[in-house]
Amino acid sequence: MKNEIIAVEDIETSELFDIIKKLIEQSKNRIYKTVNTEMINLYWNIGKMIVEKQEGHNRAKYGDYLIESLSNQLTNEFGKGFSTRNLKRMRKLYLYYPKRTTLLSQLTWSHYLELIKIDDESKRNFYMNECINSNWNVRELQRQRTTLLYERIANFKDQSKLLELSTKGHKVYENRDIIKDPFVLEFLDIKENTNYLESDLEKNILEHLKEFLLELGKGFTFVGNQVRITIDTDHFYPDLIFYNRILNCFVIIDLKIGKVTHKDIGQMQMYVNYYDREIKQETENKTIGILLSTDKNETVVKYTLPEENKTIFSSEFRLTIPSEKDFIDVIENEKKNMELV
């Protein structure tokens, strides 16, 4: 009987602990947000005052003198955090975000240290909105910048929709919106120009599923790999199956090393048809198929699929992060190829 009473008391104590723990964590989060808001407001105001003071003087070197002098005095009074470098960053924060809105306090100073490195306003606003909408931490922001996410999404966007990238971030409205070109898989344990198999690629993706989901983008959840499809007595095994909650549909990804062929496209069409007819519910949208390869062979894809195709896409992947110059070269080559077709 005594043991039973102790067991009940232990359960009640454990439940109380969980409730208190949750309250403490919520309180800590609110305190952190309050401190962060005050910090961003302080740095923005300091930047504003520096800019306004500099604008009131004609001497070219006055700005450097002002920041250096301020840094010495503030450091003596308040300690670290007010170096000339940091004061220049505060100045840049104000110059890049001259209108103080509630959006500013939704990110940390560490986020802004990355964002103010981006001179292009449209690109900078895109990454800011994505940080807020997708709850990116600083490390995720750094990776998406390094892998040229803005350029890769913009490459698949109509020119009329590019403005929305800047003002709202990446929104998923239609199937095409989940496609990047190329997909960057630098997080895999595979080196470029080595003899690896498609099974090696799949295995590594599964081992780095969190990073792969981040690269895929918004709304993706993992369903399975090598999920068997049986048609009569034949068995088929699509490489990766996902579900996109925003588009409300299954997404099938087949991996290929080398050039996509009409046979690969036909097989993907079969997978998509099977899922549409046998797996998806009436309330769900049509299945999407993505051929992810080292050579998307866009011309063959274009002539194999009907003109109104909106469900099957071919995109390339890279195992290393492309430089901006390399990416621009890819876009220019694609434009030339489209002109020749």
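The values are calculated or read from the model by the stated rules, or taken from the named source; none is laboratory data. All of these numbers come straight from a predicted model, not from anything done at the bench. Cβ placement follows ideal geometry from the backbone for every residue including glycine, while neighbour counts extend to all protein chains displayed. The area values use the complete protein model at the heavy-atom level, side chains included, leaving out ligands, DNA and RNA. Shrake-Rupley method; radii C 1.70, N 1.55, O 1.52, S 1.80 Å.
Exactly one residue out of 85, 91 is open to solvent by 90 Å² or more (accessible area, probe 1.4 Å), at pLDDT 90 or above and within 17 Å of residue 113 (Cβ to Cβ): that is 85.
Residues in the range 271-292 that are of a type in the set (S, T, N, Q) and open to solvent by 60 Å² or more (accessible area, probe 1.4 Å): 281, 283, 285. For the range 61-113, the set of residues classified as assigned to a loop (DSSP other than H, G, I, E, B), farther than 20 Å from residue 33 by Cα and aromatic (Phe, Trp, Tyr) consists of 82 only. Taking the residues in the range 214-248 that are assigned to a loop (DSSP other than H, G, I, E, B) and of a type in the set (Asp, Glu) as candidates, determine which candidate is surrounded by the most Cβ atoms within 10 Å (Cβ to Cβ). Across the range 214-248, the extreme among qualifying residues is 239.
Any idea which of 191, 203 is assigned to a helix (DSSP H, G or I) and either among the polar types (S, T, N, Q) or open to solvent by 10 Å² or more (accessible area, probe 1.4 Å) (or both)? Of 191, 203, the one residue that is assigned to a helix (DSSP H, G or I) and either among the polar types (S, T, N, Q) or open to solvent by 10 Å² or more (accessible area, probe 1.4 Å) (or both) is 203. If I ask for residues that are open to solvent by 60 Å² or more (accessible area, probe 1.4 Å) and closer than 17 Å to residue 133 by Cα, which ones from the range 94-109 would you list? Of everything in the range 94-109, those that are open to solvent by 60 Å² or more (accessible area, probe 1.4 Å) and closer than 17 Å to residue 133 by Cα turn out to be 101, 102, 103, 106. In the range 108-135, the qualifying residues are those that are of a type in the set (Gly, Ala, Ser) and in contact with a helix residue (DSSP H, G or I) (Cβ under 7 Å, 6 or more places away or on another chain), and the one that is nearest to residue 90 (Cα to Cα) is 110.
Residues are listed down the side, and each one gets a yes or a no for (1) modelled with pLDDT under 80; (2) under 15 Å from the mean Cα position of the chain (by Cα); (3) of a type outside the set (A, V, I, L, M):
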{"residue": "135", "(1), (2), (3)": "no, yes, yes"}
{"residue": "151", "(1), (2), (3)": "no, yes, yes"}
{"residue": "154", "(1), (2), (3)": "yes, yes, no"}
{"residue": "190", "(1), (2), (3)": "no, no, no"}
{"residue": "198", "(1), (2), (3)": "no, no, yes"}
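Which ones in the range 249-270 are open to solvent by less than 10 Å² (accessible area, probe 1.4 Å) and over 27 Å from the mean Cα position of the chain (by Cα)? Listed by number, the list holds a single entry, 265. Screening the range 301-329 for residues that are farther than 14 Å from residue 184 by Cβ, at pLDDT below 85 and hydrophobic (A, V, I, L, M, F, W, C) and picking the one that is surrounded by the fewest Cβ atoms within 10 Å (Cβ to Cβ) gives 328.
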